[in-house]
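Each reported figure results from applying straightforward, stated rules to the coordinates on display, with no laboratory input. As the structure is a computational prediction, the values presented were derived from the model and not from experiment. Counting neighbours? That spans all protein chains shown, and the Cβs are built from the backbone with ideal geometry, glycine included.
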Amino acid sequence: MKTQRRAFFKYVAKHLPDASLSDIVRIERAYDFAKKAHDTQTRANGDPYFEGHCVPVAMHVLDLGMDSTLVCAALLHDTIEDTAITYTDIYEGFGAEIALLVEGVSKLGKLKYHGNERHVESLRKFFVSVAQDVRVVILKLADRWHNLETMNYLPAEKQKRIALESIMIHAPLASRLGMGKLVTTINDLAFPYAYPAEYERTRKLMESKLKKAEGTIKKMYRGMLVTMSVSLGYTPQIDKRVKGTYSLYKKLERKHWNDDGVFDLVAFRVITTSVADCYSALGAVHNHWRPVPGRVKDYIAVPKPNGYQSLHTAIFSGDGPIVEVQFRTAEMHEFNEYGVASHHSYKNYQLQRGVHKETFAWIEQLREFQNADISPNDYLKRLRTDFFQDRIFVFTPKGDVIDLPFGATILDFAYAVHTQIGEHANGGKINGKYMALKSTLHSEDIVEIESNHKAIRVISGSKCVSLQPLRDVFGAI
């Protein structure tokens, strides 16, 4: 175990080269404290729990570019939930900041996806609202990342539930935070467990196409290096990206499995030193390779709602597949990969308004924080999720989350479940206690509606459809 400890702190030194001695000492204390707390616990595969899970989660936090505070929280993240350690113990040993992060992750650990897709978006929002600091969400995503890497010892039913939850809840949250690399990682790790047949079909198709294109891709890469060097006067970083398996599956599904319409199975990323060079590089590529008509996408001038910026084109390789080429600066690339965990801030970003304005209003608030001229650590501290303060999130008796405006009542809840339930509601319970329909709800309340069962029907055309399925989902109505 001493060898593993040395390996971990070597990893810390590599990822936090500027960490102070006090930071390293604090991480060492957190390591030893959490190791002792989890001393007798093991994972499903028999490995010691702390070394088998907490340490890898802390390493993933380092992979995401986070600081020593979050590394300590990662080492301690399961102590409140799984050991005799309390919030007070963490507070007294490591301070309020780390204690709040660990407590926040413990709360999120209680949220589960039960298969009701109708309330997935509410669950995502509730997930974020519970975390009063966005770092809690980042830590939970790192935790889920490692859980997905080590699912092979779990029962098949639990594997599928965790995988579906990851695809429907965790990956979209990572996307909203602009953490593109983590989105791909979570989806691709979960895909084989969530949809095994579809995964196999997609994997075989991908392997076949990549094998055929291998020679062409190598040739194009060499040509790209020469073309960029001549055009820009320097050799930019050029990365080859293979499309994520799950992302490819979703695109194939949209195109009815017509793989001829997939232009971005392989993409080159040209990372330049300036925005102007992105456009110059695009012109040079179009002079050397024939572009696919209508495939230029300018996400630099018009960023995606989560802040993603890049210039895209697709070109004919000549004797192989169509290849996508992406152009971005180093700052854009880091933000596209790591989002709010990125160390860089954009000073020139403006969220596009229009159809996405309300859906991504909270992203606009994230952008406002990011535009502030503050240090990365202060930036993350200010990324509070209080932009949800005008919403509350309450539970049905079955555990589904209902998203309501601040000040909503039991009657509002009933109408949110279904109009007919609202119209025939007689009363309700809040956390098991009978209350009037006008009673105000608060976040995390469990609400149950009392109604006239005989009167409730959903009118669909000329048919009357029983609401028994709704009772199955929402409990007593």
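What do you get for trypsin sites (Lys or Arg not before Pro) in region 391-450 restricted to DSSP loop and a cutoff of at most 15 other Cβ within 10 Å of the site's Cβ?
Filter output for region 391-450: Lys398, Lys438.
May I ask you to list the residues of region 201-218 whose amide nitrogen lies under 15 Å from a point 7 Å from Cα along the Cα→beta-carbon direction of Thr235?
none
Using the Cα atoms as the points, what is the convex hull volume per residue of region 214-339 in Å³?
Convex hull of Cα atoms, per residue: 111 Å³.
Run the Debye formula on the Cα coordinates of region 1-66, all scatterers equal and no solvent, and tell me log10 I(q)/I(0) at q = 0.27 1/Å.
Log10 I(q)/I(0), no solvent term: -1.32.
So how far apart, in nm, are the two label points at His442 and Glu81 if each is 7 Å from Cα heading toward Cβ?
Using points 7 Å along Cα→Cβ, the separation is 2.4 nm.
Cα extents of region 28-97 along the three principal axes, largest first, in whole Å?
For region 28-97, the Cα spread along each principal axis is 33, 29, 18 Å.
Over 24 Å between C-alpha atoms is what I'm after, so list which of Lys181/Lys398; Lys212/Lys251; Lys212/Lys255 land there.
Cα-Cα > 24 Å for Lys181/Lys398; rest within.
Please identify which residues in region 162-192 have an amide N closer than 14 Å to a label point set 7 Å out from the Cα of Glu200, following the Cα→Cβ vector.
Answer for this model: 192.
Percentage of Cα-Cα pair distances in region 151-264 greater than 24 Å, rounded to whole percent?
Details: 2693 of 6441 pairs.
Looking at region 151-264, the distances longer than 24 Å represent 42 percent of pairs.
At a Förster radius of 41 Å, what calculated FRET efficiency corresponds to the Cβ-Cβ distance of Thr42 and His256, to the nearest 0.05?
Efficiency, rounded to the nearest 0.05: 0.30.
In a shell of Cβ-Cβ distance under 15 Å around Ser208, excluding Ser208 itself, what net charge do Lys and Arg (+1) and Asp and Glu (-1) give?
Around Ser208, the charge tally is +2.
For region 2-177, treating each Cα as an identical point scatterer without solvent, what Debye log10 I(q)/I(0) comes out at q = 0.11, 0.12, 0.16, 0.19 1/Å?
Computed log10 I(q)/I(0) values: -0.46, -0.55, -0.98, -1.34.
Return the long-range amide H neighbours of Phe406 (sequence gap of 5 or more, or a different chain), with a cut-off of under 5 Å between placed amide H atoms.
Excluding prolines and chain starts, which carry no amide H, the hits are Arg391, Ile392.
Can you flag which of Lys14/Lys158; Lys160/Lys219; Lys107/Lys438 are past 31 Å Cα-Cα?
Over 31 Å Cα-Cα: Lys14/Lys158; Lys160/Lys219.
Please work out how much length the chain gains when fully extended from Thr3 to Lys181, using 0.36 nm per residue of separation minus the C-alpha to C-alpha distance, in nm with one decimal.
The Thr3-Lys181 span can extend by a further 61.1 nm.
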